[in-house]
Amino acid sequence: MYKTTGFKRAFVLILVSAVLVAAGSVWYWKQVTQKLSQDARETIISASRELAENFDRLLGTEFQVLSSIAVSLDQPGALKDQQKLMNYLARQNKRNAFTLTGYQDAQGRAIFSDGHVLQDFLSAQAVEEVYARGHYISDRRKGPFSGQDILVFAVPMPAQQGQKQNGVVFATQTIAFYSQALAANALHGEGLSFVLSRDGNIIIAYPRAVYDNLFVAGEHSSFDRGRSALRLQQELSRGESGWTGYTLRGQHRFASYYPLDYNDWYAFAVLPTKSVADRAQTLVLLSLVLCLSIIAILGVLLLFILRMQSQSSRALYRMGFVDPVTEADNLNAFRFKFPRAAKAFKEKNLPYAFVMVNINRFKALNDIYGFEQGDQVLKQVCGALQGCLREGELLCRSSADIFLLLLACPDRAELGKRVDEVALRAGRYCQNSGECLPLSLTCGIYLIDEEVPFYIMMDRANLAWASAKQHAGQTCAFYDEQSRRQIVTEKRIESSMDQALRDGEFKIYLQPKCDFKTGRTCSAEALVRWLQPQKGMIPPDQFIPVFEKNGFVLKLDMFMLEETLRLLKRWKEEGKPVVSVGVNFSRLHLQDPRFIEVLAQTADKYGVEHRLLEVELTESVVFGNVDLMKQVIDGLHEKGFSVAMDDFGSGYSSLNVLKNLDFDCVKLDKEFLVRGEGNPRMRQIISGLVRMIKDLGSGVVAEGVETAEQAEFLSRIGCDLAQGYLFSRPLPPQEFEQRLLDERDKK
Ligand code: C2E
Ligand code: CA
Ligand code: CA
């Protein structure tokens, strides 16, 4: 679940970034192209200026050289000897790397360094220009002897006195030579460099020009930005510098122009925009590759992180939501899934129940077989429970040996049956050897009937479980308010009992055992009362069973024993009437081998005669273990205590048992009386029983005598004493003492 969403998210992320990169690249492409165009424009503009400057410098140098030759020829007689002049010119020509160097005199006779002589090599108009400006450069023309395209430079000879025109010094240089000079400005071989005249005639070009005139070539070209060829022509004719774009034979170009100092010429630099576009493309492509590489690396990184994350979240999920022993859901997972599952049941209008399943005596199982086997038990039980789940139902191991289930409950009785069956099926542990042990499971069911928080549902299922546990042989119990209250009360009792004992909240009451005829008090029974400051008196029926369960009754009985002994001691000391008192002892005391010894020592501590103490033991105890009981009774008799069998007739009364045990007295349970009421047959049985008890040598006390009629019957059949409201309720010690005093006085 976690993994797929993570990878889905990563995929979307990568997709989005790819789209962004594509959009970004287009934008970037435009930006780069624009920027490069601008750069190219700036480069081209400065290229034409540089070209102009360089070319001006070059031409300037040519003129300086020519001028220095002119000056050197201005010697008397230097021009006289033609042969000498020629030799001199040849030397200069060689040194200065002109094609030819020459001198043309005032009459138009040109003498060349290679020995040629030509009339009017420089036209009169050109010579005129030389004198007028001090220098001259021809347009492109054919060399006189080689037929190569050349330029001709000329400077005047320094003027002699009175003589205005003294001839000119000239030199020729091939166009190819200057073309090479332009190469330096050709923008790394991508561009073109021209020197042109204002009317567009190309004088020098690098590389070789394919047309002679820019504007004539214009029939194949078009100029951009509204600059018509005409406007460019006008700008050129005005000697202005600038730039333009134009298309020639389908190829777009940038061009810039800058005027030269000589001959109204222009330096014209051209750069095809294709090279700009190519550069932009390369740059964008490089950036794109870089971007994509970064995305790819990031993507791989992201996937790696996600993988790690999904691994660690899986580990975290296991840690937080999976029970390590059974691999089933743990309580967290159950709580997490519960609301959705409950909602689904609600939507189907299907009642549902919260069930708690507990393995009884699991701790003992662990102790006996070890933890490893204990884990196996849990696994098997869990597996069996899981196998019983139906669609939409949940299970978890909540802790130790407790499993929680959410089950559908179309019908209460049916659910009870189903849980019983589930408990039966899951209640089996088979070892590797194939040997199977039965396990006992107890379940608490809370039929969810109201919206309560999860912990309350758990609490209620737990209460139901506790109430099932109380009833031996019962596998499951439903939660109901009454059992809840009872359990809550028990919990409250348990939590306050120790403090109550310390605070003296337990009081001794005495109920007289009376003579039927006279009603006189012959003996008494000590009964405990719990006087709680806030709640008043709590009857023993409410707390004794709880204390029996948790063992506190051992302490309480000893307390009651001491209270009884204290009273007996005081009566004796104060010279009051003394009767023997019966004290109730829980069956738990019989497990203590020192019980009789402690009893005797305590009585001795108060200096009370042992015959004044009657030990009341309930019938159920006797039934449990006759031999032990016999030992105890004998032991008590040895110490001089008398022993009464309490509650005879409340359980499985067995005369046979009675026969083997030497009780001093048998107390007939009040239930017996109730059952005998208006039931002649029952009365007969009671009468028979009493007779037999008496025959065995025991006294008989009838408990719960409330009516005169009962008293009459019991007395008639031979009961010795009556303990009941007809004679007296259990009394506080003071009232009991007063009763005894009154009786003595009456005598
Ligand atoms: P029990 O030993 O059978 O005590 C007799 C019970 O019958 C007393 O109830 C007493 O009040 C009640 N009773 C006496 N006459 C009548 C009557 O005419 N009608 C009716 N309906 N009841 C009558 P109590 O005091 O509530 O004690 C209940 C039980 O609690 C006792 O039954 C005894 O089993 C136990 N218990 C009381 N005190 C102690 C004690 O100190 N230690 C132990 N282990 N158990 C005690
Ligand atoms: Ca009793
Ligand atoms: Ca009794």
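FYI, it's all coordinate maths here, none of it is from the lab. It should be emphasised that the depicted structure is a prediction, and the values quoted were computed from it without experimental measurement. Cβ placement follows ideal geometry from the backbone for every residue including glycine, while neighbour counts extend to all protein chains displayed.
Quick notes
- The packing ranking of peptides 336-349, 139-152, 695-708, highest mean first, is 695-708, 139-152, 336-349, where packing means the average number of other beta carbon atoms within 10 angstrom of each residue.
- DSSP H segments from the chain that extend 27 Å or more along their own axis, Cα-based, with Kyte-Doolittle mean of -1.0 or above: 2-73, 273-321, 552-574
- The relative contact order of the stretch 331-479 comes to 29 percent, based on Cα pairs under 8 Å that sit 6 or more residues apart.
- Considering the stretch 116-156, its Cα convex hull presents a mean projected area of 2.9 nm².
- Rel. contact order, % - alpha carbon contacts under 8 angstrom, at least six apart, the stretch 11-321: 19
- Expressed per residue, the C-alpha convex hull volume of the chain stands at 365 Å³.
- Pairs of Lys residues in the stretch 331-479 that lie 8 or more places apart, or on two chains, and have C-alpha atoms under 22 angstrom apart add up to 6.
- 5 Å binning of all Cα-Cα separations within the stretch 608-715, expressed as whole percents from 0 upward: 2, 12, 23, 23, 18, 12, 6, 3, 0
- Positive-end extreme of charge dipole, the chain - chosen from Leu236, Gly434, Leu612 (charges on Cβ): Leu236
- Alpha-carbon gyration tensor eigenvalues x 5, square-rooted, for the stretch 256-389, Å: 80, 21, 9
- Taking all pairs of distinct alpha-carbon atoms in the stretch 659-724, Kirkwood radius in angstrom: 11.8
- Charge sum, other residues only, whose C-beta stays under 13 Å from Ala181's C-beta, Lys/Arg counted +1 and Asp/Glu -1: -3
- Each Cα pair under 8 Å and six or more residues apart adds its separation to the average, and for the chain the resulting relative contact order is 7 percent.
- Positive-end residue of Gly551, Ser179, Tyr88, charge dipole of the chain with Cβ unit charges: Tyr88
- Cα-only Debye scattering, the stretch 68-182: base-10 log of I(q)/I(0) at q = 0.17 Å⁻¹: -0.78
- P(r) of the stretch 331-479 over all Cα-Cα pairs, binned every 5 Å from zero, in whole percent: 2, 10, 20, 23, 20, 13, 7, 4, 1, 0
- Convex hull (Cα only) mean projected area of the stretch 11-321, reported in nm² to one decimal: 23.5
- Overall form of the stretch 61-130 per C-alpha gyration tensor (a/c, 1.5; a/b vs b/c): rounded
- Here the translational diffusion coefficient of the stretch 427-563 follows from Stokes-Einstein with Rh set to the Kirkwood radius across Cα pairs; for 37 °C and 0.692 mPa s it amounts to 177 µm²/s.
- Around Ala267: net Lys/Arg minus Asp/Glu count, Cβ-Cβ under 15 Å: -4
- A protection proxy built from the mean count of other Cβ atoms within 10 Å ranks the segments 563-572, 431-440, most packed first, as 563-572, 431-440.
- Residue-averaged [θ]222 nm for the chain, counting only DSSP H segments that reach four residues, each worth -39500 (n - 2.57): -17000 deg cm²/dmol
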